[in-house]
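The values are calculated or read from the model by the stated rules, or taken from the named source; none is laboratory data. Predicted model only: the values in this text are computed from it and were never measured. Here the Cβ positions follow ideal geometry from the backbone for every residue, glycine too, while neighbour counts run over all protein chains shown. Surface areas here come from the heavy atoms of the whole protein model, side chains and all, with no ligands, DNA or RNA. Shrake-Rupley method; radii C 1.70, N 1.55, O 1.52, S 1.80 Å.
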Amino acid sequence: MTTKIVIIDDHQLFREGVKRILEFEKTFQVVAEGNDGCEALKLVEEHHPDVVLMDINMPETNGIDATRQLVEKYPDSKVIILSIHDDENYVTHALKTGACGYLLKEMDADALIEAVKVVAAGGSYLHPKVTHNLVNEFRRLAAEEEGGNNYVLQMEVRRPLHLLTRRECEVLQLLADGKSNRGIGDALYISEKTVKNHVSNILQKMNVNDRTQAVVEAIKKGWVEVR
């Protein structure tokens, strides 16, 4: 099946670069491009894409407002925000408007392709660096709930060896640390392909759709260190 994609970004060179990367995937088809959020609704109505890649900063209608309007009019719209901002406030605001993913523009080709595949399949995708920042925000909020900023969140880490292999536990911890597939490979001295296989196994065994859900679930269950 073909995944139809619309790209909304006011920088033509960036759009062209993203389009070239996406066209390496035979199942991807970029059906339209736009310069501004106000074009997004027209293009979605005309082309019915599976995924919309939406820049967050645009001159007239920004990506957040455009995403909100899109999701209100087309509830099944799957939007991935493209941004230079890794601050958790931007991320949470984008997700609250209905975005299914959040990518930093420093992303590599593999992250872009993986994000589109995950979101098109009904999952959510956050850039690894963003995931790490959200974990830190989780830690800060937990500390405040315990009565002060000087509190250090203490939770006994119980590796899920009943469910995952030791290597998969290591990969899960590095996912929580905000490492990309390449970063995990470098840390464990394994190939990116091997990392991808481990991540797929982790998602299947944890019965979650994507790496973000895996990290959130692992934090809740005390399977990873929040550091």
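Highest mobility in the GNM of the chain, judged by mean-square fluctuation with C-alpha springs under 10 Å and restricted to Tyr125, Tyr189, Tyr90, is found for Tyr189. Fully extending the segment from Cys38 to Arg158 would add 38.3 nm, taking 0.36 nm per residue of separation and subtracting the current Cα-Cα distance. Between Asn201 and Arg20, the simple label model (points 7 Å from Cα in the Cβ direction) yields a spacing of 3.7 nm. Label-to-label distance for Lys221 and Asp76 is 3.2 nm, based on points extended 7 Å past Cα in the beta-carbon direction. Out of every Cα-Cα pair in the chain, what percent are more than 26 Å apart? Every Cα pair in the chain considered, those over 26 Å come to 39 percent. Counting only protein heavy atoms and a probe of 1.4 Å, the accessible surface of the chain is 47% carbon and sulfur. For the set Lys96, Lys221, Lys26, the ranking by accessible area, highest first and with no ligand, DNA or RNA atoms included, is Lys26, Lys96, Lys221 under a 1.4 Å probe. Between region 88-102 and region 153-227, the C-alpha centres lie 23 angstrom from each other. Counting pairs of Cα atoms in region 181-227, how many percent are more than 13 Å apart? Value for region 181-227: 59 percent of Cα pairs lie more than 13 Å apart.
A DSSP coil position with no more than 13 other Cβ atoms inside 10 Å describes the following chymotrypsin sites (Phe, Trp or Tyr not before Pro) in region 1-43: Phe24.
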